[in-house]
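Below is one structure; the comments refer to it alone.
The values are calculated or read from the model by the stated rules, or taken from the named source; none is laboratory data. Quick caveat: nothing in here was measured; it's all calculated off a predicted structure. We place every Cβ from the backbone using ideal geometry, glycine too, and count neighbours over all the protein chains shown.
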Amino acid sequence: MTRTVHNPVELFRDVLEEQLQRHADQLSELISCTRQPDRRGYDEEILIARTVSSRRALADTAAALRRMAEDTYGTCKRCAGSIPLERLNAVPQTPFCLPCQQVRTGGTHTHSIAGLAFDGDGYTYSGDADSPAGSAATHRVPGGEDGSEQLRRP
């Protein structure tokens, strides 16, 4: 069955609903792993990081669906301009246009998982006294000669 959509933003509803279900299923599975004595083979820090990431993705997707219901989806929360369809296609849950996202992140793309952040130049590990690294120091490790990233603990 073919459907005609007059508002191209509506095309993202199905994608977001599928993402919401996938993230909810993943979070349920991760929480189940935390209740197992062996954590189903997951390292505790990795399991915590994946759970946090899954919760964030679930919240971001739910927020995008809420914006759809409020008829504000596709409008940047910072500048109130339209978010280009190309950006929504790449990151359907985004609440920001690319220029505003870059302002928010200082123009860099960062990933952070359980004290480990990658900002395009290398990893930064921020350990604490309870971490396996056992220190409060931050360690920057640039990529390897072959372009791969490496993490070294003190």
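For the stretch 9-58, the tally of residues that are basic (Lys, Arg) and in a loop (DSSP other than H, G, I, E, B) stands at 1. Out of all the residues in the stretch 48-59, is one or more surrounded by fewer than 17 Cβ atoms within 10 Å (Cβ to Cβ), more than 18 Å from the chain's Cα centre (by Cα), modelled with pLDDT of 70 or more and within 22 Å of Glu17 (Cβ to Cβ)? The answer is no; no qualifying residue exists. Just one of the listed residues (Thr61, Thr94) is part of a loop (DSSP other than H, G, I, E, B) and in contact with a helix residue (DSSP H, G or I) (Cβ under 9 Å, 6 or more places away or on another chain), namely Thr94. Assessment of the stretch 73-88 against the conditions (in a loop (DSSP other than H, G, I, E, B), under 23 Å from Asp14 (Cβ atoms) and hydroxyl-bearing (Ser, Thr, Tyr)) yields at least one matching residue. Exactly one residue among Gly81, Gly74 is farther than 20 Å from Gln21 by Cβ, touching a residue at least 40 places away in the same chain (Cβ under 8 Å) and touching a strand residue (DSSP E or B) at 6+ places or on another chain (Cβ under 8 Å), and that residue is Gly74.
Results for (1) farther than 19 Å from Thr94 by Cβ; (2) crowded, with 17+ Cβ neighbours inside 10 Å; (3) in contact (Cβ under 8 Å) with a residue 40 or more places away in the chain, shown as yes or no for each residue.
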{"site": "Glu18", "(1), (2), (3)": "no, no, no"}
{"site": "His23", "(1), (2), (3)": "no, yes, no"}
{"site": "Leu27", "(1), (2), (3)": "yes, yes, no"}
{"site": "Glu44", "(1), (2), (3)": "yes, no, no"}
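Scanning the stretch 60-92 for residues that are polar (S, T, N, Q), under 18 Å from the mean Cα position of the chain (by Cα) and either surrounded by 13 or more Cβ atoms within 10 Å (Cβ to Cβ) or within 17 Å of Ile31 (Cβ to Cβ) (or both) returns a single hit, Thr61.
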